[in-house]
């Protein structure tokens, strides 16, 4: 299962090594899922960490090294995402997730993505970190488990 991580998931994984967001990285490390993010998501997470928790930029960099870097959303992908009532700063996240052929877009941003939770758009399910964990754990086990 391919999970596209929003900036707030990256931020929370760097901030709390025992939280749900960090658990996704632990599961990916064990072969349960693959993690993807866009440069847009990574830079937003980095910018927010530098403002709120500057000492956590290094843990973020380690996490980024453990995921695949997708491409930025195309202009068409961002326009499609804006049509789903996303603000300009968040539309590139959904566009990039769809273009990366992610199974799930994992976001804790209830303000902007909450109306899309539980929906599947262009093959991408929009879920919270808790829902992503549940789906990954319910899925097939990695080889050798």
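I need the full set of residues from the range 105-125 which are under 15 Å from residue 73 (Cβ atoms) and part of a strand (DSSP E or B), in order please.
Listed by number, the residues that qualify are 105, 121, 124.
Please specify each residue of the range 1-31 satisfying the condition of being crowded, with 19+ Cβ neighbours inside 10 Å and outside any helix (DSSP H, G or I).
3, 4, 5, 6
On the basis of being surrounded by fewer than 22 Cβ atoms within 10 Å (Cβ to Cβ) and over 29 Å from residue 140 (Cα atoms), does residue 72 make the cut?
So residue 72 fits the description; yes.
Determine which member of the set 41, 81, 45, 130 is assigned to a helix (DSSP H, G or I), at pLDDT 95 or above, touching a helix residue (DSSP H, G or I) at 6+ places or on another chain (Cβ under 6 Å) and surrounded by fewer than 18 Cβ atoms within 10 Å (Cβ to Cβ).
130
Would it be correct to say that residue 102 is part of a helix (DSSP H, G or I) and either in contact with a helix residue (DSSP H, G or I) (Cβ under 9 Å, 6 or more places away or on another chain) or over 21 Å from residue 119 (Cβ atoms) (or both)?
no
The values are calculated or read from the model by the stated rules, or taken from the named source; none is laboratory data. As the structure is a computational prediction, the values presented were derived from the model and not from experiment. Note that we place each Cβ from the backbone using ideal geometry, even for glycine, and neighbour counts take in every protein chain shown.
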